Amino acid sequence: MAATATVPSPTTLQDSMSGLALAAAAANVVMQLSRLEIGHGVANSKVESGRLDRHPLKRTRTTLTYLAVALLGTDEERKVLRKEVNRAHRQVRSKGPVAYNAFDPELQLWVAACLYQGVEIIHRILYGEPTPEQVEELYKAGARLGTTLQVREEMWPPDRAAFEEYWQDGLSKIQMDDLTRGYLRDLAELRFLPAPVRLPLASTNRFLTLGFLPQRFRDELGYSWTPRDQRRFDRLTRNLARVNAVLPRPARVFPFNYYLWDFRRRVKAGRPIV
């Protein structure tokens, strides 16, 4: 899935950020929630304000703000965001056969690992295979995806090779049951949206979700993915790379630059962030 367009080789994570990464957003949520504890914690969450299926616009704003601040913000801004995330996560717990606590650093590490995988996947699609130097830079910055949550710095695998071992071990632990599989299929099909909005978008969202997922996750969801699907997806991602190549940087980074601005505005005005 390497890019075929002529794209400037990004030298920093900031240069490689692109709003076109939003095409993979639903797939990344599936990856995160494929650990049974996290899937149950989200699907059974009583915190209505943070549920994507109940408040999609607010949840999208919160998630994109998190990514913008974690990857583009300052150390001080990340401290402010971490405090706000901690406040929200205190309410996210579930009991029963599959217990979940949003403060569990091991599960937060998995969430951060999924987010980082998304960074690399998008980089390969839009800019081609990263050089070893780029991988090192991306991976070093990627640790902030965890430490802006509850992941201690020493928990982040020390290098990309160690991360790969962690990731492969994590793939062996993914599991969905009827509850989480149904929740995530509803997400892929956009079933939480009103019919006039959902019907013209559902097929495309499902296709993008499956296209950006490794096969292991597709199998767990119970969807098929054919060679023809893969060819269609490869054509689509080549076109995304071509579009990305001609966008001026402010347009390319949108909406992450907007949400970083909005975060700073909210902090200054004392308005809620999460």
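The values are calculated or read from the model by the stated rules, or taken from the named source; none is laboratory data. Not measured: the values here are computed from a predicted model. Note that each Cβ is placed from the backbone with ideal geometry, even for glycine, and that neighbours are counted across all protein chains shown.
Looking only at region 239-266, count how many residues are surrounded by 13 or more Cβ atoms within 10 Å (Cβ to Cβ), among the basic types (Lys, Arg) and more than 19 Å from residue 123 (Cβ to Cβ).
2
Of all residues in region 100-123, which are part of a helix (DSSP H, G or I), among the aromatic types (Phe, Trp, Tyr) and without any contact (Cβ under 8 Å) to a residue 60 or more places away in the chain?
In the first step, residues of region 100-123 are kept if they are part of a helix (DSSP H, G or I); the result is 105-123.
Okay, now just the ones that are also among the aromatic types (Phe, Trp, Tyr), so 110, 116.
Correct list: 116 only.
Regarding region 223-232, can at least one residue be identified that is part of a helix (DSSP H, G or I) and either aromatic (Phe, Trp, Tyr) or buried (at least 16 other Cβ atoms within 10 Å of the Cβ) (or both)?
Residues of region 223-232 that are part of a helix (DSSP H, G or I), as a first pass: 227-232.
Next, only the ones that are either aromatic (Phe, Trp, Tyr) or buried (at least 16 other Cβ atoms within 10 Å of the Cβ) (or both) stay: none.
Within region 223-232 (the criterion being part of a helix (DSSP H, G or I) and either aromatic (Phe, Trp, Tyr) or buried (at least 16 other Cβ atoms within 10 Å of the Cβ) (or both)), the answer is no, since none of the residues qualifies.
Kindly indicate which of 236, 201 is surrounded by 15 or more Cβ atoms within 10 Å (Cβ to Cβ) and either modelled with pLDDT of 95 or more or closer than 30 Å to residue 175 by Cβ (or both).
Values: 201 fails: surrounded by 15 or more Cβ atoms within 10 Å (Cβ to Cβ).
236 is the lone residue from the list that is surrounded by 15 or more Cβ atoms within 10 Å (Cβ to Cβ) and either modelled with pLDDT of 95 or more or closer than 30 Å to residue 175 by Cβ (or both).
Just give me the residues in region 206-224 being among the aromatic types (Phe, Trp, Tyr) and in contact with a Phe, Trp or Tyr (Cβ under 9 Å, 6 or more places away or on another chain), in sequence order. Steps first, please.
Here is the first cut: in region 206-224, the residues among the aromatic types (Phe, Trp, Tyr) are 207, 212, 217, 223.
Within region 206-224, 207, 212 meet the criteria.
Looking at region 178-188, is at least one residue surrounded by fewer than 16 Cβ atoms within 10 Å (Cβ to Cβ), among the charged types (D, E, K, R) and within 19 Å of residue 217 (Cβ to Cβ)?
At the first step, the residues of region 178-188 found to be surrounded by fewer than 16 Cβ atoms within 10 Å (Cβ to Cβ) are 178-179, 182, 186.
The next check asks that each one be among the charged types (D, E, K, R); those that pass are 178, 186.
After this cut, where a residue has to be within 19 Å of residue 217 (Cβ to Cβ) as well, the list is 178, 186.
Looking through region 178-188, at least one residue is surrounded by fewer than 16 Cβ atoms within 10 Å (Cβ to Cβ), among the charged types (D, E, K, R) and within 19 Å of residue 217 (Cβ to Cβ).
For region 248-271, what are the residues that are in a loop (DSSP other than H, G, I, E, B) and without any contact (Cβ under 8 Å) to a residue 40 or more places away in the chain?
Taking region 248-271 first, the residues in a loop (DSSP other than H, G, I, E, B) are 248, 254-255, 270-271.
Result: 248, 270, 271.
Any idea which of 126, 145, 149 is touching a helix residue (DSSP H, G or I) at 6+ places or on another chain (Cβ under 6 Å) and assigned to a loop (DSSP other than H, G, I, E, B)?
Numbers: 126 fails: assigned to a loop (DSSP other than H, G, I, E, B); 145 fails: assigned to a loop (DSSP other than H, G, I, E, B).
After applying the criteria, what remains is 149.
Determine which member of the set 175, 168 is modelled with pLDDT under 95 and farther than 16 Å from residue 118 by Cβ. Let's see the steps before the verdict.
Details: 168 fails: modelled with pLDDT under 95.
175 is the lone residue from the list that is modelled with pLDDT under 95 and farther than 16 Å from residue 118 by Cβ.
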